[in-house]
Amino acid sequence: MNAGIIGIGRYVPEHVVTNHDLEKRMDTSDEWIRTRTGIEERRIAKDLDTSDLAYEAALKSIEDAKIKPEEIDLILVATVTPDKPFPSVATMLQDRLGANRAAAMDVSAACAGFMYGMVTAKQFIECGAYKHILVIGVEKLSKITDWEDRNTAVLFGDGAGAVIMGPVSDGKGIIAFELGADGSGGKHLYQEQGKYLYMNGREVFKFAVRQMGESAVNVIEKAGLVKEDVDFLIPHQANIRIMESSRQRLELPEEKMSKTVHKYGNTSAASIPISLVEELEAGKIKDGDTIVMVGFGGGLTWGAIVLKWGR
């Protein structure tokens, strides 16, 4: 059987922090942020934690899939900002959702975590072990961001995106994937215990531009397709210049690339599922479309998926 997406949902906090708000607290400007990153504003979860964001997105995906929580077999939560070291966000969700039959675990692959989760779910579904798997990308990066550091504070936001994965019809679902890691680059993007996130922006940018483009091309070849077969690109929403490099490698027009970074900033593992939901709601993705999702993250990690949309 083929594994694909049968339900979607997203949740972003109500509180908006604009570039102009950041101008008041640090040495930066709206123009400086926009021209370098494409970001105009981001959402910040004031009184909500990671599990709260995940819960709201999960409810929407379950409703969209037209299943009950007790029909979920496995919960995979991609995050690097759990509520606490343990229990996992996934087990907290299992209890809160009433998904009493589900196994549950968190996946830590930073911004590539959602794709790691989707590929893991694919294996369980296609071997017949599980039927319905809830995969969530969620982050509350605001709690590990130094709001006095203009190099990182301007980049990140909070949010959650969720999908229910299950069997789909022939020719639909995930048709190819690529996952990878380079642990030697972990020193460029990390968080010390109890401290803020650290990023060597120059090194991460160089890695991301190279790897995002290479992974997008590689996964298309694995699917037995060519660039012209791609209907829509959903890149990790980290930086508009990195995203553009991927689009140009695939020779796609601008309207065929998802762009939500201006509204939400970099939401790490949540950025691709949030973008997927937005584009579907906007009618930009239709049944039978070939979608490429590609991202990179701390670790360093990367992942790419070719998905034929439809149930």
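Quick look at the numbers
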quantity: Cα-based shape type of the chain, given that a ≥ b ≥ c are square roots of the gyration tensor eigenvalues and the cut on a/c is 1.5; calculated: oblate
quantity: Cα gyration tensor, region 1-143 - rounded (a/c under 1.5), prolate or oblate; calculated: prolate
quantity: For region 1-119: accessible area per residue (Å², 1.4 Å); calculated: 45 Å²
quantity: Residue-by-residue Karplus 3J(HN,Hα) for region 117-130, coefficients 6.51, -1.76, 1.60, Hz, glycine and proline x; calculated: x, 5, 5, 4, 4, 4, 5, 5, 6, 6, 8, x, 6, 10
quantity: For residue 2, distant residues with modelled amide H under 5 Å away; calculated: 168
quantity: Amide H contacts of residue 159 (H built 1.01 Å from N, under 5 Å, at least 5 apart or other chain); calculated: 139, 141
quantity: Gaussian network model of the chain, Cα within-10 Å springs - most flexible of 231, 73, 170; calculated: 170
quantity: Antiparallel DSSP beta bridges within the chain, percent to nearest 5; calculated: 70 percent
quantity: With all protein chains modelled, accessible area of residue 158 [1.4 Å, Å²]; calculated: 0 Å²
quantity: Rg ratio (alpha-carbon, reference 2.2 N^0.38 Å) - region 66-155; calculated: 1.23
quantity: Distance between region 1-65 and region 247-311 - C-alpha centres, whole angstrom; calculated: 15 Å
quantity: Too-long pairs where the Cα-Cα distance tops 26 Å, listed order kept, from 227/286; 227/308; 24/46; 68/263; 187/256; calculated: 68/263; 187/256
quantity: Residue of 172, 286, 60 that the Gaussian network model of the chain assigns the largest fluctuation, springs spanning Cα pairs under 10 Å; calculated: 286
quantity: For residue 265, residues with placed amide H under 5 Å, excluding near neighbours; calculated: 40, 41
quantity: Apportionment of accessible area to carbon and sulfur, the chain, percent (1.4 Å); calculated: 47 percent
quantity: Residue-by-residue Karplus 3J(HN,Hα) for region 223-228, coefficients 6.51, -1.76, 1.60, Hz, glycine and proline x; calculated: 7, x, 10, 10, 3, 5
quantity: Gain upon complete extension [residue 123, residue 32; 0.36 nm per residue less C-alpha separation]; calculated: 28.4 nm
quantity: Pairwise label distance in nanometres, residue 1 with residue 227, each label 7 Å out on the Cα-Cβ vector; calculated: 3.8 nm
quantity: Protection proxy ranking of 277-284, 175-182, 214-221 - average other beta-carbon atoms within 10 Å, highest first; calculated: 214-221, 175-182, 277-284
quantity: Extension gain, residue 84 back to residue 284 (0.36 nm per residue minus Cα-Cα distance, nm); calculated: 68.3 nm
quantity: Phi-based couplings in Hz for region 287-301 (Karplus 6.51, -1.76, 1.60; Gly and Pro marked x); calculated: 3, x, 5, 9, 10, 10, 10, 8, x, 9, x, x, x, 7, 10
quantity: Computed magnitude of the charge dipole of the chain (debye, nearest 20; Cβ of K, R +1, Cβ of D, E -1); calculated: 300 debye
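The values are calculated or read from the model by the stated rules, or taken from the named source; none is laboratory data. Predicted model, so just to flag it, every value in this text is computed and none were measured. We place every Cβ from the backbone using ideal geometry, glycine too, and count neighbours over all the protein chains shown. Side chains are part of the model used for accessible areas, which takes the heavy atoms of the whole protein and leaves out ligands, DNA and RNA. Shrake-Rupley method; radii C 1.70, N 1.55, O 1.52, S 1.80 Å.
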